[in-house]
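Visitor: My questions will all concern the structure given below.
The values are calculated or read from the model by the stated rules, or taken from the named source; none is laboratory data. Source: prediction; values computed, not measured. Cβ coordinates were reconstructed from backbone atoms using ideal geometry, including for glycine residues, and neighbour counts include every protein chain displayed.
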Amino acid sequence: MELIRCVAMSSRRMLCLPAPWFEPPLLDTNKEVDPRSLMFKKNVYGKPEVDWQNCKNCNHQPLHFNISHTDSLIACGVTVHVPVGIDVEDKERKIKHDVLAFAKRFYSADEVNFLATIPDPEAQRKEFIKLWTLKEAYVKALGKGFSAAPFNTFTIQSIPGTEEGYSLCKTSEVTADPLEETKKCNGEWKFAPLELADSHYAAVCIEDDQANEGAVSVVIYLLIVKDPLV
């Protein structure tokens, strides 16, 4: 197994270096907190998080983390200012059923329509997986997960005029006209689609951090399992 630390510089650019097993995720935090003193808890949806209320002498921004894994890769995203969600999927992941039929069960109508515009089946499968990672990262950043935040209640769409830029749109629950569906798109969440270890698609989602604009927000640790146990 090999542990790699990656700093997300932008949605398409990362700096990845080997990291010791127990290297502190963020040095500034480690100067103030002994990692051995950290305690963990689960939120109401079962997501693990650091129990900062029971951390002694912690007078800084709480550290947030999220973990995702496949058969051959484990990824952990870490921030110190904002919630983070991360998801990884194998590029070769097979979809047993028809892609569009599967998408209609879980994705929003706009996302299904987007996938329907892709004529090549292989390209369509890849876009389906990329979109899945983005949506999974968002519900994990919320701290809710798939069951508590159904995928068909929001849309992840590309931002016109940008490369690999995405925004979040939610369908309004109350509209002036019951027959008219309205959507609210905002920039409260940032998305970064990534390719990890040349074999996986990944996505990171963080809440927009206005107070630290321009700063590197996420450190990603990759544990590459070269010989998975059967």
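Visitor: Do any residues in the range 123-150 that are basic (Lys, Arg) have Cβ atoms under 7 Å from those of residues that are assigned to a loop (DSSP other than H, G, I, E, B), where the two are at least six apart or on different chains, and which pairs are they?
Guide: From the range 123-150, the pairs are Arg125/Ile95; Lys144/Tyr45.
Visitor: When the residues of the range 167-192 are narrowed to those that are surrounded by 13 or more Cβ atoms within 10 Å (Cβ to Cβ) and at pLDDT 80 or above, which ends up farthest from Leu223 (Cα to Cα)?
Guide: Cys169
Visitor: If you scan the range 123-147, which residues turn out to be within 21 Å of Val78 (Cα to Cα) and of a type in the set (S, T, N, Q)?
Guide: Thr133, the sole residue that qualifies.
Per-residue answers, yes or no, for (1) in contact with a strand residue (DSSP E or B) (Cβ under 6 Å, 6 or more places away or on another chain); (2) modelled with pLDDT under 85; (3) surrounded by 11 or more Cβ atoms within 10 Å (Cβ to Cβ):
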residue	(1), (2), (3)
Ala8	yes, yes, yes
Met14	yes, yes, yes
Asp51	yes, yes, yes
Asn66	yes, no, yes
Gly77	yes, no, yes
Val84	yes, no, yes
Arg93	no, no, yes
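Visitor: Given the criterion at pLDDT 80 or above and under 21 Å from Phe128 (Cβ atoms), identify the matching residue among Glu164, Glu195.
Guide: Criteria check complete, one pass: Glu195.
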